[in-house]
Amino acid sequence: MKTIKSPKSMQLLSRRTGQTGKSIGLVPTMGALHKGHLALVERALKLTDFVVVSIFVNPTQFGAGEDFSRYPRTFSADRKLLAELGVDSVFAPSADQLYPADFETYVAVEKMSQVLEGEFRPTHFRGVTTVVAKLFNIIRPDVAVFGRKDFQQAVVIKKMARDLNFDVKIVTVPTVREKSGLAKSSRNKYFSPEQLRRAVVLYDSLKMAEKMIKAGHRQASKIKSAMKRRIDQTPGTRIDYIAITDEELNELKRLSGKITISLAVWLDEVRLIDNISLNLGK
Ligand code: AMP
């Protein structure tokens, strides 16, 4: 497995690989890898001939006061996991290689980036779409794999790829969870065992919502209030939002069709997100 730091060398390797007729898969990550990331990598290995995993803690997707500097960085352990899986190449540029001092061009999916997460993290998706567009240009993957754990991110990236005619298929993989139900996340590394137990409330509230929907409830406000009550009972929580949307991120009042329930909740000093999707038919 080759580790590549320079965007130019990565571009060269990708172009040469493409010319041999091999299909290229890309899994973008910020490292601190866990089984959620590995599920994405396994999918890419199944779908394509040559898999590149990028590891880059992308400064432009963190807002002022967010956890960029303390975000977990475990590069050598990550590298080992990826080599064991049979990944072909790790792309791990430094921040100034992707963002030289005179950098000034951004990619933004304008409306979709402003709702849900965007209301609380107004510059987040601009950073995500910019770095992913750069990765697409450097690596030119045939397939790029993203987790449904970051539902809005996957929707925004699909939109960007369509709007800007990137020749890449975006594939999404279901959320990988702890036995407790807590979605695996690099940020779970911030938690003590006691905090991990409280963090399960996000998933519990989603399962409760699912149960209500299966019992016939269709009014979004009722379901969201019940989830809020459930979360408020857990000490140290503060809700940023609970939303029920369609696949284009439009909030629904009455539920039908394919829906996603998403939420962002602070647990002490750490902000967590989670979601589940359900298909209610007509
Ligand atoms: P990150 O390193 O947090 O930027 O995540 C890199 C990719 O892994 C994104 O596409 C995430 O959606 C995905 N991912 C993160 N956690 C999980 C999880 N628990 N299950 C599935 N995919 C995940």
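The values are calculated or read from the model by the stated rules, or taken from the named source; none is laboratory data. None of the values given here were measured: they were computed from a predicted structure. As a convention, Cβ positions derive from the backbone with ideal geometry for all residues, glycine included, and neighbour counts pool all protein chains shown. Surface areas here come from the heavy atoms of the whole protein model, side chains and all, with no ligands, DNA or RNA. Shrake-Rupley method; radii C 1.70, N 1.55, O 1.52, S 1.80 Å.
Would you tally the net charge around ASP232, using a Cβ to Cβ cut-off of less than 14 Å, leaving ASP232 out, and scoring K and R as +1, D and E as -1?
+4
Can you pull the one-decimal nm distance between simple spin-label points at MET212 and GLN114, each 7 Å off the Cα toward Cβ?
Output for this residue pair reads 2.9 nm.
In sequence order, what are the phi-derived ³J(HN,Hα) couplings for the range 147-160 according to the Karplus relation 6.51 cos²θ - 1.76 cosθ + 1.60 with θ = phi - 60°, rounded to whole Hz, with x for glycine and proline?
x, 6, 3, 9, 4, 5, 4, 4, 5, 5, 5, 4, 5, 4
State the Cα centre-to-centre distance between the range 59-112 and the range 21-35 in whole Å.
Cα centres, the range 59-112 to the range 21-35: 12 Å.
Take the chain, connect every pair of alpha-carbon atoms lying under 10 Å apart with a spring to form a Gaussian network, then pick out the residue of ALA154, ALA44, ALA101 with the largest mean-square fluctuation.
Of the options given, ALA101 has the highest mean-square fluctuation.
Around TYR190, with a cut-off of 15 angstrom between Cβ atoms, what is the net charge of the other residues, counting Lys and Arg +1 and Asp and Glu -1?
+2
For the range 131-223, what ratio Rg/Rh do Cα atoms give with a Kirkwood hydrodynamic radius?
1.09
Only four residue types carry charge here, +1 at the Cβ of Lys and Arg and -1 at the Cβ of Asp and Glu. Report the dipole size of the chain about the Cα centre in Debye, rounded to the nearest 20.
Once rounded to the nearest 20, the dipole reads 860 debye.
So, for the range 167-236, what is the accessible surface per residue at a probe of 1.4 Å, expressed in square angstrom?
54
Given +1 on the Cβ of Lys and Arg, -1 on the Cβ of Asp and Glu, and no further charges, what dipole in debye does the range 6-147 carry about its Cα centre, rounded to the nearest 20?
Charge dipole, the range 6-147, about its Cα centre: 380 debye, nearest 20.
Please list the non-local residues whose amide H lies under 5 Å from the amide H of SER54, H modeled 1.01 Å from N, same-chain partners needing a gap of 5 or more.
The list, which skips near neighbours in sequence, is VAL27, THR29, PHE91.
Please get the size of the charge dipole for the range 1-59, origin at its Cα centre, with Cβ charges of +1 on Lys and Arg and -1 on Asp and Glu, quoted in debye to the nearest 20.
That gives the range 1-59 a dipole magnitude of about 160 debye.
With viscosity set to 0.890 mPa s at 25 °C, what whole-number translational diffusion coefficient in µm²/s follows for the range 230-278 from Stokes-Einstein and a Kirkwood radius over Cα pairs?
210
What would the Debye equation give as log₁₀ I(q)/I(0) for the range 159-279 at q = 0.17, 0.20, 0.23 Å⁻¹, counting only Cα atoms as equal point scatterers?
-0.90, -1.12, -1.32
Summing +1 for each Lys or Arg and -1 for each Asp or Glu, what net charge is found among the other residues whose Cβ lies under 10 Å from the Cβ of ALA220?
Local charge sum for ALA220: +4.
Can you give me the Cα centroid spacing of the range 186-226 and the range 234-267 in angstrom?
Here the answer is 10 Å between Cα centres.
Could you look at the chain and say what percent of its accessible area is carbon and sulfur, using a 1.4 Å probe and all protein chains?
50
Could you check the simple spin-label distance between PHE68 and LYS222, using points 7 Å along Cα→Cβ, in nm with one decimal?
With each label placed 7 Å out from Cα toward Cβ, I get 4.5 nm.
Any idea what diffusion coefficient the range 193-237 gets from Stokes-Einstein, in µm²/s, Kirkwood Rh on alpha carbon pairs, 20 °C, 1.002 mPa s?
This corresponds to a translational diffusion coefficient of 195 µm²/s.
Need one number: convex hull volume per residue for the range 1-121, Cα atoms only, in Å³.
144
How high is the relative contact order of the chain? Use alpha-carbon pairs under 8 Å, at least six apart in sequence, and give a whole percent.
Rounded, it is 17 percent for the chain.
Taking the DSSP beta bridges in the chain as the whole, what percent of them are antiparallel, to the nearest 5?
50
In nm², what is the average projected area of the convex hull enclosing the Cα atoms of the chain?
Here the figure is 15.2 nm², rounded to one decimal.
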